[in-house]
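Report on the following structure.
The values are calculated or read from the model by the stated rules, or taken from the named source; none is laboratory data. Just so it is clear, the model here is predicted, and its values are computed rather than measured. Because the Cβ atoms are built from the backbone with ideal geometry, glycine has one as well, and the counts that use them run over all protein chains shown. Side chains included, ligands, DNA and RNA excluded: accessible areas come from the protein's heavy atoms. Shrake-Rupley method; radii C 1.70, N 1.55, O 1.52, S 1.80 Å.
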Amino acid sequence: FDGLRRIRGRQNMDVICGYSSDTNAEIAVRNATSSIKNPKMIFFFGLFDMFEELTAEMAKRFPNCEIIGASTSVAFQNDMNWDANREGKGISVTAFGDDFECTAGILEDVRQLTYDDCDHIRATYDRLGKPENTVCVEIMNFSETEEDPLALLNEALKDTGVYVVGGCAGMIGGYEPKTLLSYNGVVYDKACVYCFIHNKRGGYRIINGDI
């Protein structure tokens, strides 16, 4: 099963979502990204047991793009519903086009963070340097120190007005001993990847609630 969807808001902001359940990583990536041209930033989510293959194929297909990937425990269908009964294969992709400016970075080991990492985070933000209509999205490996990278990101950005949103990569059935992240073709299991996305034609609305 494969699908593509172009999302356009009231400001005609260009975001493309692609999906594939093919069990071959090369074919899955090709099908899920067939309409994506010159993206500024890509997020992808892949099933755990083919995640490394998907990461390699995504990096090969988009060598000049910031690409952030995360393992997940379920797969998307093209109607945005969950399907937990699949064979453990597949990929979902979200690409941001010319209406966005993006920068990204990585904290490679969330167990060994220091305040020097604040400088790296701030330098990544400064390459963009546009606090209006900008959000910071982070994805981290599941660990017992989830609060630490969040605290560091918020400290580095405390005077910018930029909100931090995100979460953890997914585990198979919730019991897999580790999760996987990737950043520009490299796979990590103790990291936090973050990016800044500036919307040139619209804004963001951050909604905070208890789950």
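The set of residues from the range 101-123 being farther than 22 Å from LYS200 by Cα, out of contact with any strand residue (DSSP E or B) (no Cβ under 7 Å at 6 or more places or on another chain) and either open to solvent by less than 50 Å² (accessible area, probe 1.4 Å) or not polar (S, T, N, Q) (or both) comprises ASP109, ARG111, TYR115, ASP116, CYS118, ASP119.
Taking every residue in the range 31-45 that is on the phi > 0 side of the Ramachandran plot and pairing it with any residue that is open to solvent by 50 Å² or more (accessible area, probe 1.4 Å), at least 6 positions away or on another chain, the pairs with Cβ-Cβ distances below 9 Å are ASN38/ASN64; ASN38/ASP98.
Assessment of the range 124-143 against the conditions (assigned to a loop (DSSP other than H, G, I, E, B), out of contact with any His (no Cβ under 9 Å at 6 or more places or on another chain), at pLDDT 90 or above and aliphatic (A, V, I, L, M)) yields no matching residue.
Does the range 127-135 include one or more residues that are surrounded by fewer than 19 Cβ atoms within 10 Å (Cβ to Cβ), out of contact with any Asp or Glu (no Cβ under 7 Å at 6 or more places or on another chain), farther than 27 Å from PHE45 by Cα and of a type in the set (Gly, Ala, Ser)? So far as the range 127-135 goes, yes, one or more of its residues are surrounded by fewer than 19 Cβ atoms within 10 Å (Cβ to Cβ), out of contact with any Asp or Glu (no Cβ under 7 Å at 6 or more places or on another chain), farther than 27 Å from PHE45 by Cα and of a type in the set (Gly, Ala, Ser).
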